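First the structure, in the form of structure tokens, and then the observations on it.
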Amino acid sequence: MSVRIENKGDVVTAYLEGELDHHNAKAIREDVDAALDRHSPGLLVLDFREITFMDSSGIGLVMGRYKKLQGTGAQIHITGTSPPIYKVMQIAGLSKLANIDKGGKTLEKTAE
Amino acid sequence: MKKLLNEFKLRMLSRSSNESFARVAAASFIAQLDPTIEELSDIKTAVSEAVTNCIVHAYKEELGTIYIWTRIFEGGTVEIKVRDYGCGIENIAKAMEPLYTTLGGERAGLGFAVMQSFMDKLTVTSAPSKGTCVTMSKKLSLRMGDNAKQG
Ligand SMILES: Nc1ncnc2c1ncn2[C@@H]1O[C@H](COP(=O)(O)OP(=O)(O)OP(=O)(O)O)[C@@H](O)[C@H]1O
Ligand SMILES: [Mg+2]
């Protein structure tokens, strides 16, 4: 499990990798939060392309970042969600908190 | 109840590294039924939710034992019981409400909602300080016939 973080202008992109469960969520959260604290971006992109499994711990991760960014005006974009991951996100109604791209599309356009 | 075709029992410590072990074990056992990728992923996610709850809630302050009992019945029904002897749940109906969580912070309160929607049936029995038993079942589509019968 690992996260690669990229910061371009106003955008922080976190490329998440591996299985997003409770066991792995803490390390991801700490890396993403460190980047948010350092860069105070206007947009956080969470790239799920390399996530092979996700349960409600992943929902908690997104909701937690949403709460953290609340009041700063920053948005969250979620991209690269495979069908099983999209299915979990739908239960949570995450599309109310973040922009979700279905499938492997990247958000380079937004990120520029 | 329908005829039992196969079963496995698993006992493990409530270490978070076992979350992935438990869901992979359940998935490999169920592979004998030739499930669809979606069925397999649904079951893995539901098991992950139930086991994580034992680790983060039931045995919050301690290391305890989690018991998983998986059975396959004739016709392709899979039943999974996840049991702990941890803190138990005071109000089960409330605990099962979407977005209800006693942990806040990084928990969404959606574990039961995920189990409910990914499995056909979910039953929770629990008593404070006695522990909790989550029973979930799902009927698989059995695309290739009743494979487990032959095994
Ligand atoms: N095995 C258990 N032992 C004791 N309490 C439990 C157990 N499972 C669930 N609970 C209680 O039920 C509540 C709801 O559980 P649920 O899985 O739906 O949400 P959560 O675990 O709080 O958050 P999430 O699963 O989204 O990370 C928990 O907050 C906890 O209080
Ligand atoms: Mg839970």
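The values are calculated or read from the model by the stated rules, or taken from the named source; none is laboratory data. Since the model is a prediction, treat every value here as computed from it, not as a measurement. Please note: Cβ atoms are built from the backbone with ideal geometry, for glycine as well, and neighbour counts cover all protein chains shown. The accessibility values were calculated without ligands, DNA or RNA, using every heavy atom of the protein model including side chains. Shrake-Rupley method; radii C 1.70, N 1.55, O 1.52, S 1.80 Å.
Among the residues of the range B:21-41, the one identified as under 13 Å from the mean Cα position of the chain (by Cα), within 9 Å of chain A (Cβ to nearest Cβ) and either surrounded by fewer than 21 Cβ atoms within 10 Å (Cβ to Cβ) or more than 21 Å from B:R83 (Cβ to Cβ) (or both) is B:S41.
Restricting attention to the range B:59-74, the residues that are at pLDDT 95 or above and either within 13 Å of ligand 1 (Cβ to nearest atom) or loosely packed, with under 13 Cβ neighbours inside 10 Å (or both) total 9.
Checked against the criterion of being within 14 Å of another protein chain (Cβ to nearest Cβ), out of contact with any Ser or Thr (no Cβ under 6 Å at 6 or more places or on another chain) and among the polar types (S, T, N, Q), the candidates A:N7, A:N24 yield just one match: A:N24.
The conditions of being surrounded by 23 or more Cβ atoms within 10 Å (Cβ to Cβ) and under 19 Å from A:D101 (Cα atoms) are met by A:I59.
Here the range B:88-108 is the region considered, the condition is being part of a loop (DSSP other than H, G, I, E, B) and touching a residue at least 24 places away in the same chain (Cβ under 8 Å), and the residue that is farthest from ligand 1 (Cβ to nearest atom) is B:E90.
Limited to the range A:27-56, what total is found for residues that are open to solvent by less than 70 Å² (accessible area, probe 1.4 Å) and within 14 Å of another protein chain (Cβ to nearest Cβ)? Explain how you work it out, then say what you get.
Of the residues in the range A:27-56, the ones open to solvent by less than 70 Å² (accessible area, probe 1.4 Å) are A:27-29, A:32-36, A:39, A:41-48, A:51, A:53-56.
Filter again for within 14 Å of another protein chain (Cβ to nearest Cβ), leaving A:27-29, A:32-33, A:51, A:53-56.
Counting residues in the range A:27-56 that are open to solvent by less than 70 Å² (accessible area, probe 1.4 Å) and within 14 Å of another protein chain (Cβ to nearest Cβ) gives 10.
The combined condition, being buried (at least 22 other Cβ atoms within 10 Å of the Cβ) and within 21 Å of B:G109 (Cβ to Cβ), is fulfilled by A:D21.
From B:I43, B:I72, which residue is of a type in the set (A, V, I, L, M), assigned to a strand (DSSP E or B) and away from ligand 2 (no atom under 16 Å from the Cβ)? Talk me through it step by step, then tell me what you get.
On the way: B:I43 fails: assigned to a strand (DSSP E or B).
Residue meeting the stated conditions: B:I72.
Going by the conditions given, is B:I89 away from ligand 2 (no atom under 12 Å from the Cβ), touching a strand residue (DSSP E or B) at 6+ places or on another chain (Cβ under 9 Å), more than 13 Å from chain A (Cβ to nearest Cβ) and not polar (S, T, N, Q)? Answer is no for this residue.
Of the residues in the range A:70-85, how many are assigned to a helix (DSSP H, G or I) and open to solvent by 50 Å² or more (accessible area, probe 1.4 Å)?
Adding up the residues that qualify gives 2.
Find the residue count for the range B:75-85, including only residues that are more than 16 Å from ligand 2 (Cβ to nearest atom) and either among the hydrophobic types (A, V, I, L, M, F, W, C) or not in a strand (DSSP E or B) (or both).
Residues of the range B:75-85 that are more than 16 Å from ligand 2 (Cβ to nearest atom), as a first pass: B:75-79, B:81, B:85.
Now narrow it down to the ones that are either among the hydrophobic types (A, V, I, L, M, F, W, C) or not in a strand (DSSP E or B) (or both): B:75-76, B:78, B:85.
Qualifying residue count for the region: 4.
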